[in-house]
1. When you go through (1) open to solvent by 80 Å² or more (accessible area, probe 1.4 Å); (2) away from ligand 1 (no atom under 16 Å from the Cβ) one by one for Trp86, which number turns out not to apply?
2. Can you tell me which residue in the range 201-217 is surrounded by the most Cβ atoms within 10 Å (Cβ to Cβ), limited to those that are closer than 14 Å to Tyr154 by Cα and in contact (Cβ under 8 Å) with a residue 60 or more places away in the chain?
3. Does Thr306 qualify as being more than 30 Å from Tyr219 (Cα to Cα), touching a His at 6+ places or on another chain (Cβ under 8 Å) and within 16 Å of ligand 1 (Cβ to nearest atom)?
4. Return the pairs, sorted by first residue and then second, in which the second residue is surrounded by 12 or more Cβ atoms within 10 Å (Cβ to Cβ), the first residue lies in the range 641-666 and is aromatic (Phe, Trp, Tyr), the beta carbons are less than 6 Å apart, and the residues are 6+ apart or on different chains.
5. Only residues that are within 25 Å of Thr628 (Cβ to Cβ), in contact (Cβ under 8 Å) with a residue 60 or more places away in the chain and open to solvent by less than 30 Å² (accessible area, probe 1.4 Å): list them for the range 274-305, please.
6. Please go through the range 15-31 and give me each residue that is of a type in the set (Gly, Ala, Ser) and open to solvent by 40 Å² or more (accessible area, probe 1.4 Å), ordered by number.
Amino acid sequence: MKEVQRMLYGGDYNPNQWGEEIWAEDMRIFKQAAINSATINVFSWAKIQPSEEIYDFDQLDKIVEMLSKENYEIVLGTATAALPAWMFKKYPEVGRVDFEGRRHRFGQRHNACPNSLVYQKYVARLVEKLAERYGDNPNVAVWHVNNEYGGECYCENCEKAFRVWLQNKYQTIEALNAAWNFDFWGHTVYEWDEIVVPNVLGDAMSYDSTAFAGLSIDYRRFVSDSLLENFKLERDCIRKFDQSTPITTNMMGSYKGLDYFKWAKEMDLVSWDSYPSYNTPWSYVALTHDLMRGLKDQPFMLMEMTPSQQNWQPYNSLKKPGQLRAQSYQTVAHGADTIQYFQMRRTKGGCEKFHGAVIEHVGTENTRVFREVAELGLELAALQDKILDAKTTSDVALVFDWDNYWALEYTSGPNKDLKYVDQIHQFYRYFYDQNISVDFVPFDADFSKYKVVVAPVLYMIKEDMAERLEDFVASGGTFVTTFMSGIVDQSDNVHLGGYPGPLRKLAGVWVEEIDALAPEQRNTIMFNDETIGTTSLVSDIIHLEAAQSLGAYTDNFYATTPFATINKFGEGHTYYIGAQLDQASLTKVLTNVCTTAAVTPTIAEKTALEVSYREKAGKGFYFILNFTQETQPLPQIFAGKVDLLKNQALTQETTLAPFAVLLVEA
Ligand code: GLA
Ligand code: ZN
């Protein structure tokens, strides 16, 4: 496989929206920012195939030729994410049917029915032509398949394909009835063609709720698989002509719709688009990067971010001076090997005309945004390949599972405010604040290389996960889980015999009841050392079996029962947190976890700075970032070192202003 030998710096570039005189100007301006890559052809299907029988690559040839001459790394889009009008006109079935059951007409993008054979046929034809034409161009660095796969379709073709998917999964209709507990509400089906898609005309009660979670979860799996088949189709078409260029598609962080761990197995490398809002916590931005790094346990490409602002959020604030640089290095610190923007030149019409770009509407390099882009570009160029492909290692694993995400959020009761990613984030935030590196892992990961495995709200326990967690703890690991864990199997049927089901032995507790707290309600708690705290959202009523209590509720009718426990199991320990703890209380429990498991932060010194570490060829690199509002002192272990970005010696007196960044070799 081809490997890019430099850090890609560039982004989505749409010269087809402009006259050729502008292209030359673009090249001149980009050079000043050391831009070396361009993502092209992402939405050009209508341009390169003006009608069913005619393909026209003249303009794309010219663009590829120009970029090759300038020695760009080309990230070549396959153009399949927005269908041409002629296709809708002639074959209306290529459009999607939405959740309300409405067939969509020509419009917007990401609009193809994944199970339309017509769509698939034209995709395959186009992608083969592209691969044949450009696959051996040495400047084509990466294939960018489609764009941000997502959404769902509920058309007749999808319904038929779903029934086939179900037949493969369940073999018999009896097995399907059992899996979905179809005796409930008289749903028993006798023929495969009695099964209908779960949109609002069927078993869905709203977009987020359903009468039959087993069915709706299977539909989500099916949608994820259908789109993945679309990706694989394009990948395999490319591979017929080009065996060596890596193939990716751009993902969307914690996006709910696709099982990204499953997807990543089919991709050569992970790439993703990072668009935090003005008020997204930096811990959450870091979380999404670590999640994307975790998909393949490898560095990833940052495919898109904005150099300044977005257009599609409710409030599209500008990035403050210095923020672009700090945000970019945070991305690299958490595993990125590229920095790429959407977009290179700000479009003049359409809904993204207010989206930030490297070249803004004024059309020159004399802008604040361009100066910041150029400063960063020159700095990255000077770093050369020093940190390219550097690895991250962690003692702590956080389990992220899309099946669990879907199941937890479909569940009717106990509390509608319980959200999977929020739960993951509060645990992640603790480790982030402590500068403890975290790997995101799938449910079937090899846990043995970690000291701590954290699986909040592990509602769905499937396959042999409980046994593998038992092995992990028995041989000395520390496992942390919470309320709403161990409840259901892969079809959303309850593991009978007392919560937390298959985790009961490991946790050493029996949860008899689960209380829900409305937003205005709180419980009070007291740790064994008499520290006071509060809980909200959900409260388990716990009976100790083998576990010991960490503290008890002090009010409500279950006062004196434990809210959290620790259980010695073999050589290791399981922590069970039975309520939504306030931040200080969660910090207290997790500090206890880290002590038990001998997990230590990236640097020993206490600091409000973000400090991360990547390693390459025996060399270690610290990324030191200030995301606070105040100037911070330099952690003293770095005094006497050199900041590789500004080539400046660091002293005991060095301070970091807000958004300051240092890169230090260990
Ligand atoms: C997504 C898309 C891009 C563009 C940006 C705007 O990430 O992939 O085509 O629409 O959003 O933020
Ligand atoms: Zn469809």
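The values are calculated or read from the model by the stated rules, or taken from the named source; none is laboratory data. Nothing here was measured: the structure is a model prediction, and the numbers come from that model. Quick reminder, even Gly has a Cβ in these numbers, built from the backbone with ideal geometry, and neighbours come from all protein chains shown. For the accessible areas, the whole protein counts, side chains as well, though only heavy atoms, and no ligand, DNA or RNA atoms are used. Shrake-Rupley method; radii C 1.70, N 1.55, O 1.52, S 1.80 Å.
1. That leaves (1) as the condition not met.
2. We begin by selecting, within the range 201-217, every residue closer than 14 Å to Tyr154 by Cα; these are 201-204, 207, 215-216.
Then keep just the ones that are in contact (Cβ under 8 Å) with a residue 60 or more places away in the chain; that gives 201, 204, 207, 216.
Numbers: Leu201: 12, Ala204: 21, Tyr207: 10, Ser216: 25.
By that ranking, first place goes to Ser216.
3. On the way: more than 30 Å from Tyr219 (Cα to Cα): yes; touching a His at 6+ places or on another chain (Cβ under 8 Å): yes; within 16 Å of ligand 1 (Cβ to nearest atom): yes.
So Thr306 fits the description; yes.
4. Here the result reads Phe659/Gly322; Phe659/Gln323; Phe659/Ala326, each pair linking the range 641-666 to a residue that is surrounded by 12 or more Cβ atoms within 10 Å (Cβ to Cβ).
5. Those that are within 25 Å of Thr628 (Cβ to Cβ), in contact (Cβ under 8 Å) with a residue 60 or more places away in the chain and open to solvent by less than 30 Å² (accessible area, probe 1.4 Å): Ser283, Ala286, Leu287, Asp290, Leu291, Arg293.
6. Here is the first cut: in the range 15-31, the residues of a type in the set (Gly, Ala, Ser) are 19, 24.
Passing the criteria: only Ala24.
Results for (1) among the hydroxyl-bearing types (Ser, Thr, Tyr); (2) surrounded by fewer than 20 Cβ atoms within 10 Å (Cβ to Cβ), shown as yes or no for each residue.
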{"position": "Gly10", "(1), (2)": "no, no"}
{"position": "Tyr13", "(1), (2)": "yes, no"}
{"position": "Ala33", "(1), (2)": "no, no"}
{"position": "Ala38", "(1), (2)": "no, no"}
{"position": "Ser68", "(1), (2)": "yes, yes"}
{"position": "Ile74", "(1), (2)": "no, no"}
{"position": "Lys90", "(1), (2)": "no, yes"}
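Rundown of residues vs (1) farther than 21 Å from Met526 by Cα; (2) crowded, with 22+ Cβ neighbours inside 10 Å; (3) in contact with a helix residue (DSSP H, G or I) (Cβ under 6 Å, 6 or more places away or on another chain), yes/no style:
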site	(1), (2), (3)
Ala552	no, no, no
Asn567	no, no, yes
Thr574	no, yes, yes
Gln580	no, yes, no
Asn592	no, no, no
Ala608	yes, no, no
Thr628	yes, no, no
